[in-house]
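Below you'll find the structure, written out as structure tokens, and then a few comments.
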Amino acid sequence: MLIVMKPNASEADIRKIEELIKARGFAAHISRGKINTVIGVVGDKVIHDRRIFEAIDSVQEVIKISSSYKLASRIFKPEDTVIRVKEVEIGGEKIAVIAGPCAVESFEQLESTAEFLSKCGVKLLRGGAFKPRTSPYSFQGLGEEGLKYLKQVADKYNMAIVSEVMEASQIELCVKYVDILQVGARNMQNFNLLRELGYINKPILLKRGLSATIEELLMSAEYIMSGGNRNIILCERGIRTFETATRNTLDISAIPVIKKLSHLPVIADPSHATGLRDKVAPMARAAIAAGADGVTIEVHSSPETALCDGAQSVYHNQFEELYNELKGIAPIIKRKL
Ligand code: PEP
Ligand code: MN
């Protein structure tokens, strides 16, 4: 952080800032220019709130240099993080494909989709047992029963399970069944939940909040990582904009931006981003072409009767076609599927 003093700042003003910096455990490097004096704040930690200095009358400007997140940052760890779950690697050369219904509705529904996906070559099965619904009257998920179905089906087809944990009290139950715990968009800043997930040793799929900046997403990853759990997969799932043609707006540029800022794997969720099944494949292709390490896709054997997110769930045959298209794109960008 650099603190630029106003041209008329007195020696006493400069000393006051210096003392404030030192009181916070940092060193102050003062460089006196012809017009402005600039004070550099140096230390191992980060001062998160630059307004502490901005609010002081003698200060002209505060310039942030280092990021507020360290563990999630590429400066801290230049090489890509590769997360291993069963036979799958996420963040490595291979593109990861997570697929399955929005919610686990019944054993039969889950099993038919998993059987199909497994034949396609999918190794990561998604399905929500705890559903964060906008309306309290909508289907809320089967809870532990849903987790049991996931486990039975995933074991049968040798798949790994991705499922959402909505609150800290559900973590103990979820870790018994789930291989990758998902934190939904609405919970991206549930700091109590994030903190608790830092203490477990299963990967976390952290979805970007509806109105969250990239920095806020990375700060949420930092919350989990600061507890010790370094296996975080970030997910761009569309953000809220003024556009109403799609459910959300898939921020494709977030993918290369995050890849540069962080070593963590980044995947895209074109299902929740668009809300429309015919837009899922084009956006999945775009995300992979833009450098995403994978995609998560909602697939349903009978989307018209789905209890949750049917309109954005693709039919089995549409998924198969998309999967083959991604196989074609992968080598062009030096990846595999
Ligand atoms: C989901 O993955 O089913 C889900 C609820 O996603 P999001 O939190 O991104 O809305
Ligand atoms: Mn959904």
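Every read-out reported here was derived from the displayed coordinates using simple, explicitly stated rules and does not represent laboratory data. Quick caveat, the model's predicted, so the values are computed rather than measured. Every residue, glycine as well, gets a Cβ built from its backbone with ideal geometry; the counts of neighbours run over all protein chains shown.
What to note about this one:
- Scanning the stretch 297-318 for residues that are away from ligand 1 (no atom under 16 Å from the Cβ) and either touching a Phe, Trp or Tyr at 6+ places or on another chain (Cβ under 9 Å) or among the polar types (S, T, N, Q) (or both) turns up 301, 302, 305, 316, 317, 318.
- Selection count, the stretch 100-119, where residues are out of contact with any Ser or Thr (no Cβ under 7 Å at 6 or more places or on another chain), under 23 Å from residue 132 (Cβ atoms) and buried (at least 18 other Cβ atoms within 10 Å of the Cβ): 5
- Answer residue from the stretch 284-308, given it is in a helix (DSSP H, G or I) and not charged (D, E, K, R) and is farthest from residue 100 (Cα to Cα) among those: 289
- Going through (1) in a helix (DSSP H, G or I); (2) buried (at least 24 other Cβ atoms within 10 Å of the Cβ); (3) within 16 Å of ligand 2 (Cβ to nearest atom) one by one, residue 311 falls short only on (2).
- Selection from the stretch 232-262 of residues that are surrounded by fewer than 22 Cβ atoms within 10 Å (Cβ to Cβ) and within 24 Å of residue 93 (Cβ to Cβ): 252, 253, 256, 257, 259, 260, 261
Table: residues versus (1) touching an Asp or Glu at 6+ places or on another chain (Cβ under 7 Å); (2) of a type in the set (D, E, K, R).
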| site | (1), (2) |
| --- | --- |
| 263 | yes, no |
| 279 | no, yes |
| 293 | no, yes |
| 300 | no, no |
| 305 | no, no |
| 309 | yes, yes |
| 318 | no, no |
| 323 | no, no |
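- Where strands (runs of 3 or more DSSP E) sit wholly within the stretch 41-120, those with at least 3 residues that are within 30 Å of residue 305 (Cα to Cα) occupy 96-100.
- For the stretch 222-231, taking the residues that are in contact (Cβ under 8 Å) with a residue 40 or more places away in the chain and of a type outside the set (A, V, I, L, M, F, W, C), the one that is surrounded by the fewest Cβ atoms within 10 Å (Cβ to Cβ) is identified as 226.
- Boolean, residue 196 is in contact (Cβ under 8 Å) with a residue 24 or more places away in the chain and closer than 25 Å to residue 318 by Cβ: no
- Looking across the stretch 120-146 at every residue that is in contact with a helix residue (DSSP H, G or I) (Cβ under 8 Å, 6 or more places away or on another chain) and within 20 Å of residue 330 (Cα to Cα), the one that is surrounded by the most Cβ atoms within 10 Å (Cβ to Cβ) is identified as 122.
- You will find that of 119, 131, 123, 148, the residue that is closer than 18 Å to residue 171 by Cβ and away from ligand 1 (no atom under 16 Å from the Cβ) is 148 and no other.
- Test: residue in the stretch 258-276 that is part of a loop (DSSP other than H, G, I, E, B), in contact with a His (Cβ under 9 Å, 6 or more places away or on another chain), within 16 Å of ligand 2 (Cβ to nearest atom) and on the phi > 0 side of the Ramachandran plot: no
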